[in-house]
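Step one of this worksheet: look at the structure below.
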Amino acid sequence: MGHPVTLSPTKYFQPIGETPPVCLTDHLAPELDAEGLLLGCGDPRSILFTIHHGLNNDKRSIDFTCCDVESAVLARNIILFTLIADDASNTKAWQIFYHLLLELDSVRILLVHCRKLYAASKSLATWNASRYGRFLRFCTAHSLAEISKFYPLYIKDLTLALNPQSQEAATVSNKYFDRMAETKVKVNHTKDDTAVARAAAPLTSFVKTTSGFQGQQFYWSFGITMTRDNYDTKLPTELRANPLFGYTSVRSGFNVCPRTNPIVSYSIAPELVRVKGNPYSGPKASAADLGQCAKDQFSSWCESFRKKIRRIDLNEKSRLVIRFFAGDALALCQALHITATEKEMKTSVRAGWWSLQEVDFCDQDYGPNAKVPAPVKFNLIDTSTVSDDVGLVNLVIAATPLLQRKPWSVLHTHTFQQTTTLEAKALEERLFGHVSTMSLFFGVTPTSHIYHTASHSKKDEEAILIHELAEHRPWHFRQRISWKFPATIVLGSSPLDVELDGISPVLVCEEHQLAEFLNSVFMKMSLEDAFIRGMKREVSQGDMDTLQRISLRYNHANFVDFLVLVKSRVQVNWEEVMAYLVDLLLRPGAVLTRDFEELFCQLHVRGLYTYTTLKTGYIQRQRTPGDIFHGWREVPPVVTIVLKIPRIIVNRLLELNPTNIGLPPVIYCDMATPKSTHAFFSILPTFGDVSVTGRGEYLDCSINNDPAGWKGASPMIVAFEAPSYLLTSSGLVRSIGLAIRSSQENSAVLKEKRLFGSVFRTSPADQGHVFILRRTMAALEPFQEPSSFGNRGPRISVEFSQGNKISTLTIRETIVANEAVVSLTKGATVNVQPIADTCLRISFKNFAKNLVYPLPIQTQKTVTRVARKSLYVSAYIRSDFENILGTYPSMNLFPISRTPTSFNLQNVHYLNLDMLPLLRLHFTHTDEKFPWLLDHLQRMCSMTEQLHFFNKPPTARAQSTLAFFKFNLTHLISCLSGAVPEKVKNMMLISSPTTGPRYAIFLNGLRLDITGQTVTLDTCVVHLTRELASLVESRVEPELLRLPNIVATIDQELLVWRQALPAFAERCRTWAHGPFCEYREFGIPVSADDDCEISPLCSCGLGKNLDKFGSLQEWEDLRPLATRVAIGPTFSFGTRTDRKYSAEESPDIGGSTAPDFTSYSFTKCAQCGSAAKKLKTCAKCLRPRYCSRECQKLHWKSAHKTNCL
């Protein structure tokens, strides 16, 4: 918990999420239980959505640990969960949770319920004994106390609401309505429709955001959501303030964020297209329709939650447990790590910045005798937007040790900050280094740097970017990154295809190169690099503002945390690394921050390096008679300074509020000398009073904590560590104080309030406000792996390039077995064969070994060295790891990990097909039915992929199998959905150019994939042997065997389809794999070779849950041979493939020789642009369409001749 401390009163209350929900279990196979950690959980929409939409979530066990620093958010969530469990009507639950103003009957329901919760919350024992204790638990007694303190506040206001005649009731009500009116003015003046656009994905480009903004205005004007029930009727007049919006842990009174809009926390896409069963859905949906859509989704989620609770009542194996922790996210991570490694429930970690309460986990759930032990390691960690508050690097370092060491375990991080750069650059800015390089030290890697493709769409952010730029507004980019442990999954028949030994590799590198890399991270983290580039005019003012926002989340203690992590990952002479790093920081001409003393202090405390000024001999030489340490026999290198800040200063800080401050400012302590001021950002603040015992070097103090905090009347107490030599006479420290670090956004307001810079200052000798202690702060415990960690993993030699990124990896395998030694010395031929994107197999007589790399490698650039005398074999990889994916072929585009009990998808998410909205399809060619769908599908290929493809000569394009696969996938989905004016039936064939039809695709329907923000074809697939192919050809009309009714593939592309179909079938399966499943014996796919007689799918799913196809009489004999498959788009990762080209590598596309794929309309002539009813398609590539033969000839000569596939 070492990130900088921000002023809590300057933050808005955000009771409702601002983004659509995500399915938290869409990465887990149906057989696996979900054990999740939700940091910064916010409202419960994603939990409810997951239970309703997740595949097999009605049967799997789910255990979520929810953490939020704002306990009022958790109190609201518990009220909602318990209301649903008590069978309150969905409408009343919706009103209580979302409406700013309540009707009288809702007030009465909420009052009764709060009294019930307050009675059950007297202690952990009473709560666990209640009905709610079966599925709602508390991690600590402190969490229960922090959350339950809101119930009497709610009860008081609700009681007053039922007796409005009293003066107190009028005062409370008027204050609430006045603040609500002030916020409404801000809402009207800051129209922001990007949240509505995100909620409409994948229809972002076509949604009319005015409807969403009208709904937000209605919400803030009348305090209720606009639905079809109330938009054209008389609104209720007896409305009362909803106390669930009136309190936070810092302030009493309405302080809700102006962006609050219940609609945007739901997916409104089902209301914007024609969905079966909803006559109101369509492109012309009104604000009332969108509100009704959100409310209907909420009702269906509530019903699924109730069903899950009833399973607990029936004592079924499937269980649901939701745990709550009120406190800081990094503190919880640190406490869980201590409990997991040391088996200690009582930790020394503080629960939050402004409290002295330590995290002591309850014995009933975390003790050795717990009936249902609470998880301390997780296969899912979702962090919401916590990284925007604590820093992405801090969060990844803290959360990664809590991940279960499994291929499917995932850490989701979200950023939602203003930026002016592309996605890839934005991620590098937040990591302070190249993604692949930083990932090697983290131990986890973004999936965008492991896999070639993704099934989740991020393309709607691009549409929002275009909209924001057109409106000349700053771009608030939403970036969701999934981090996983790199796993080697071998395609096909390997009996064990997962290489994940639980130990990260030990990196062997040259000390000076490592020091240069660490120096670059320090400069970026402390913003010095940006200042230097700014002076050279290499950074614009907009980029400077963005970088400042990022750096405000870090202090030097965070850099030291990163050093601790690096030290555990490398095998080097650490003293030499640190000595050279310090030389770089202090070299002539280097720009150092004024808080470098804090850096050396933290390095010493953490045992990483001791600078000269912190050595005992130096301190003793600086002492003079009568200094601050007079009477001390020995002065330690570091002392703890405790400051007592008068309450009058605290009250001045309370004058700041979210409406006038913008970015919350950071507070810190400083020590002023005649020449400079030294800043210390690693502080521990709280409220209370100081009790002093002893004198001089025996001085000690205890803090009597005031639980009222900001709401109380106690002074602020701040402790920090500082080098003791600064307090000697030679140090010449004249004053110590508390200060505020400003930013571009809040500097004007801070100056106006006279809070700019120092807000309190006093002499070090002021014994009433300054207390100097010999001991250091024990609360700052390092995050590190066990001391033996670095000695057990495989060793990989790395080299850094001039850009401070790792450019080469070398694995050396020493030969020790006697028979292998004899074979090698006698000249046995050494074979090097790539067997996976991250693995090389080295073999010769009597020896075979897999060399596993932590990143995808260019197997074509492997340099193997065989030392027959020294008896070792090494493989040297020189590669551009940032750009390898997407430009080099993959050996397994759709990897599926196998364990003895389950099969798990790695880059394709799971779907509950029967829960997804089914679209109404019209197979006519009179007009364009789904313009948004065509736009969405054409985004599957990134611009980089398109340029790479078209830059190749036509004879070499056959190697671009992934590009061909994506083009044909677009063709398949658009034709079967009726999005293009083609005469396509409910069946299409995937055909080989040599052997004819290979797969028959039968359409059940087109569904909206809400969690993936895309669409999916609900189909049944039949693998066609030669005999079956002849049978199908004899039954279908002749036109179905010609373009465009078939998917014409190239030979290499068929291998991609063999990899994709098992993944598409696995993602939606509702059946279990049997003990004799072909996947267990032969691998996935069953046969990786292009064998038309062997299906790539196993037989376990044949004929099961076929939906519409199961009732088609004409294909009754094919039902036992069909497998239900969810075919969805396959996207490129924006973090990698949409990078900017340098001048040297930019493809020479020669004017019109490489047109953008999106320029080819499915409804307009490619030459003249006319929208004719009947358009002919290019017979070779099926891309451009023409209204006449003349237009086709003209376009062929002018452009298409060199670009036809």
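In whole percent, how big is the carbon plus sulfur part of the accessible area of region 971-1026, probe 1.4 Å, protein atoms only?
Working: 510 of 1070 Å².
The computed percentage sits at 48.
Within the shell of other residues whose beta carbon sits under 13 angstrom from the beta carbon of N846, the net charge comes to +2, with Lys and Arg scored +1 and Asp and Glu -1. Among the protein heavy atoms of region 579-708, carbon and sulfur supply 53% of the accessible surface, probe 1.4 Å, non-protein parts ignored.
A crude spin-label estimate for the pair T862 and R1035, with each label 7 Å from Cα along the Cβ direction, gives 4.6 nm. The order of the peptides 392-404, 755-767, 1061-1073 by mean Cβ neighbours within 10 Å, most packed first, is 392-404, 1061-1073, 755-767.
With a/c under 1.5 counting as rounded, go ahead and sort region 685-756 into rounded, prolate or oblate using the C-alpha gyration tensor (a ≥ b ≥ c being the square roots of the eigenvalues; past the cut-off, prolate if a/b is larger than b/c, else oblate).
Values: a/c = 3.25, a/b = 1.23, b/c = 2.65.
It is oblate, given that a/c is not under 1.5 and a/b is not larger than b/c.
Sum up the charges of everything whose Cβ sits under 14 Å from the Cβ of E1033, counting Lys and Arg as +1 and Asp and Glu as -1, but leave E1033 out. The partial results should precede the final answer.
Working: positive: R998, R1026, R1035, R1042; negative: E1027, E1037, E1039.
Net charge around E1033: +1.
Spin-label pair W574-V372: with each label point 7 Å from Cα along the Cα-Cβ axis, the two points sit 4.2 nm from one another.
Every pair of different Cα atoms in region 1-152 enters the Kirkwood calculation, which places the hydrodynamic radius at 17.0 Å.
Could you state the accessible area per residue of region 555-636 in Å², with a 1.4 Å probe and every protein chain left in place?
Values: 3600 Å² over 82 residues.
Accessible area per residue, region 555-636: 44 Å².
Computed over neighbours whose Cβ is under 12 Å from that of C1020, the net charge equals +2, Lys and Arg +1, Asp and Glu -1. Lysine pairs in region 120-216 with Cα distance under 17 Å, only those 8 or more apart or on different chains: how many are there? Here the count comes out as 4. Label-to-label distance for R587 and T610 is 2.7 nm, based on points extended 7 Å past Cα in the beta-carbon direction.
Rounded, prolate or oblate: which fits region 325-426 when a ≥ b ≥ c are the square roots of the eigenvalues of the alpha-carbon gyration tensor, with rounded for a/c under 1.5 and prolate only if a/b beats b/c? Could you put the intermediate results ahead of the total?
Numbers: a/c = 2.92, a/b = 1.63, b/c = 1.79.
Here region 325-426 falls in the oblate category.
Once the chain from R310 to M915 is taken as fully extended at 0.36 nm per residue, the excess over their C-alpha distance is 215.8 nm. Accessible surface computed residue by residue for region 281-393, with neighbouring protein chains in place and a 1.4 Å probe, gives 37 Å² per residue. Estimated from the Cβ-Cβ distance and a Förster radius of 56 angstrom, the FRET efficiency linking V112 and K343 is about 0.85.
For region 121-269, rounded, prolate or oblate, judged on the Cα gyration tensor with a ≥ b ≥ c (square roots of eigenvalues), a/c < 1.5 rounded, else prolate if a/b > b/c? Please list the in-between numbers first.
Values: a/c = 2.19, a/b = 1.38, b/c = 1.59.
It is oblate, given that a/c is not under 1.5 and a/b is not larger than b/c.
Extension gain, R633-Q1113: 0.36 nm per intervening residue step, less the Cα-Cα distance, totals 163.1 nm. The residues of region 669-709 expose, per residue, 44 Å² of accessible area to a 1.4 Å probe.
What is the percent carbon and sulfur in the accessible area of region 279-347, measuring with a 1.4 Å probe over the protein chains and ignoring ligands? Don't jump to the answer; show the numbers that get you there.
Details: 1430 of 2750 Å².
Result for region 279-347: 52 percent of the exposed heavy-atom area is carbon or sulfur.
The values are calculated or read from the model by the stated rules, or taken from the named source; none is laboratory data. On a predicted model such as this, the values are computed, not experimentally measured, just so you know. Cβ sites come from the backbone with ideal geometry, for glycine too, and all protein chains shown count toward neighbours. Note: areas computed on protein heavy atoms with side chains; ligands, DNA, RNA excluded. Shrake-Rupley method; radii C 1.70, N 1.55, O 1.52, S 1.80 Å.
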